[in-house]
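The values are calculated or read from the model by the stated rules, or taken from the named source; none is laboratory data. These numbers come from a predicted model, not from an experiment. Neighbour counts are summed over all protein chains in view; Cβ atoms, including those assigned to glycine, are modelled from backbone coordinates with ideal geometry. Keep in mind that these areas ignore ligands, DNA and RNA; they rest on the heavy atoms of the full protein, side chains included. Shrake-Rupley method; radii C 1.70, N 1.55, O 1.52, S 1.80 Å.
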Amino acid sequence: QVQLVESGGGLVQPGESLRLSCAASGSIWGIYTAGWYRQAPGKQRELVAAITYGDKMNYADSVKGRFTISRDNAKNTVYLQMNSLKPEDPAVYYCNVDDPPYDYWGQGTQVAVSS
């Protein structure tokens, strides 16, 4: 059984930074894609960033140039560096690991941006 545990969320002011971490406990087999999603109140969950096993990355247009996803395969950990946070970024951020045939989700970590 694999569990994903996110950390690093919090309250910051506009323009500040946060770094989210997602650590997988248990064994993840195969070549997997990891991603960060977010869901704001009243909105659908959306993809923020994803990274393949070969380190190919893609980002939502709204975060390009500000957020960076990375991974440490030896530690089974995925990171999301969020810079220049904006008032539209607050949400619950979820980690996802797509390890066919399995799909794992974390419990989410809250990110708030307020002046």
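The H on the amide N of R71, modeled in the peptide plane, is under 5 Å from the matching H of Y79, each at least 5 residues off or on a different chain. Note on L85: accessible area is roughly 0 Å² with a 1.4 Å probe, heavy atoms of protein only.
Across region 2-15, rounded Karplus estimates of 3J(HN,Hα) from the backbone phi angles (6.51 cos²θ - 1.76 cosθ + 1.60, θ = phi - 60°) give 9, 10, 10, 10, 8, 8, x, x, x, 10, 9, 8, x, x Hz, Gly and Pro being marked x.
For region 1-65, applying the loop criterion from DSSP together with a ceiling of 10 other beta carbons within 10 Å to the chymotrypsin sites (Phe, Trp or Tyr not before Pro) yields W29.
For the pair Q44 and S62, label points projected 7 Å from Cα toward Cβ lie 1.3 nm apart.
Amide H contacts of A112 (H built 1.01 Å from N, in plane; Pro and chain starts excluded): G10, L11, V12 sit under 5 Å, all sequence-distant by 5 or more or on other chains.
In this structure Y94 has an accessible area near 40 Å², from a 1.4 Å probe over the protein heavy atoms. Centroid-to-centroid, using Cα positions, region 45-91 and region 1-40 are 9 Å apart. Within straight-line reach of K56, meaning a Cα separation under 24 Å, sit the following lysines at least 8 residues removed in sequence or on another chain: K64, K75. Within the chain, what percent of beta bridges assigned by DSSP are antiparallel, to the nearest 5? Counting DSSP beta bridges with both partners in the chain, the antiparallel share is about 95 percent.
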